[in-house]
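The values are calculated or read from the model by the stated rules, or taken from the named source; none is laboratory data. Bear in mind that the values here come from a model prediction, so they are computed numbers and not experimental data. Using ideal geometry, Cβ is built from the backbone for each residue, glycine included, and neighbour counts are taken over all protein chains shown. What goes into the accessible areas is simple: the full protein's heavy atoms, side chains included, and nothing from ligands, DNA or RNA. Shrake-Rupley method; radii C 1.70, N 1.55, O 1.52, S 1.80 Å.
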Amino acid sequence: MQAGLVVVVNGASSSGKTSLARALQQLATDPWLHAGIDRFWGTMPQGWMQLGPRAEEGVAWLRGEDEHGRPVVHTVPGPVATRLAGGMHRAVAALARAGSNVVSDDVFFDPAWARDWAVALDGIDAWLVGLHCPETELERRERGRGDRERGEARAEAVAVHEGVPYDLELDSSSLPADALAAAVLGHVATARPWALRRLRAGGGASDDHAG
């Protein structure tokens with residue numbers, strides 16, 4: 001059976017990853033499954049999430065302030081979340097190896113997660129997309145959603161992209177979701193993936209690549 005294609009979209013909370021994934025599903029002529037981090041984290045018991053009594057083992061929120069005294073909330077994955085992330089990567093790979101195209105939105109809270117994606121998707125055509133958004137726009141969206149902790153997006157805006165090479169980088173503040181999705185599909189149709197291969201070889205964002 002021919003393997004499907006995979007697109008992994010990494011970006012901060014409120015950067016528009018889910019909207020991009022849904023728009024991609026609408027625009028694509030072939031079916032794409034959406035299997036992202038929120039779906040998998042939704043399987044964890046609440047006691048292991050954010051402010052729960054065992055959050056340090058799962059996904060903990062650490063509140064603090066940045067250098068300007070503004071609130072930030074760092075999301076810190078523990079061993080339960082790390083195991084779940086590895087399972088998510090391999091579940092997406094299994095779907096692709098069974099013939100399905102998959103778009104997976106993620107947040108690289110741990111730099112090792114990018115490398116683990118590379119290992120899990122070895123042998124599959126998979127593109128790594130970085131979705132950026134200015135901090136001011138992230139904060140505006142964060143306030144509008146009402147289901148996010150203030151300062152969460154600010155803590156993630158730069159950190160989740162550090163050292164990560166991308167096949168394609170986009171700014172969600174300058175394009176609507178359908179245009180972002182069209183850019184991703186156009187890139188997948190015309191360019192071979194290289195970012196995950198670089199990660200498998202031990203390279204990072206600063207290395208040159210042959211596209």
**OP:** Please verify whether region 87-105 includes one or more residues that are farther than 22 Å from Arg197 by Cβ, open to solvent by 10 Å² or more (accessible area, probe 1.4 Å) and of a type in the set (Lys, Arg).
**Re:** no
Given (1) open to solvent by less than 20 Å² (accessible area, probe 1.4 Å); (2) at positive phi, Ser15 misses just (2)
Is it true that some residue in region 29-38 is open to solvent by 10 Å² or more (accessible area, probe 1.4 Å), part of a loop (DSSP other than H, G, I, E, B), free of Cβ contacts under 8 Å to residues at least 60 places away in the same chain and farther than 28 Å from Gly163 by Cα?
yes
Fill in: Condition check for Ala205: surrounded by fewer than 20 Cβ atoms within 10 Å (Cβ to Cβ), at pLDDT 85 or above and either more than 21 Å from Arg22 (Cα to Cα) or of a type in the set (A, V, I, L, M, F, W, C) (or both)
no
Note to self: Condition first: open to solvent by less than 30 Å² (accessible area, probe 1.4 Å) and farther than 29 Å from Asp66 by Cβ. Can you find one or more residues in region 143-155 that meet it?
What the structure shows: no
Here the residues within region 50-73 that are farther than 18 Å from Ala12 by Cα and either out of contact with any Gly (no Cβ under 9 Å at 6 or more places or on another chain) or surrounded by 14 or more Cβ atoms within 10 Å (Cβ to Cβ) (or both) are Leu51, Gly52, Arg54, Ala55, Glu56, Glu57, Gly58, Glu67, His68, Gly69
Those residues of region 62-96 that are under 16 Å from Asp38 (Cβ atoms), touching a residue at least 60 places away in the same chain (Cβ under 8 Å) and outside any helix (DSSP H, G or I) come to a total of 1
Of Leu180, Leu131, the only residue that is closer than 19 Å to His34 by Cα, open to solvent by less than 50 Å² (accessible area, probe 1.4 Å) and over 13 Å from the mean Cα position of the chain (by Cα) is Leu180
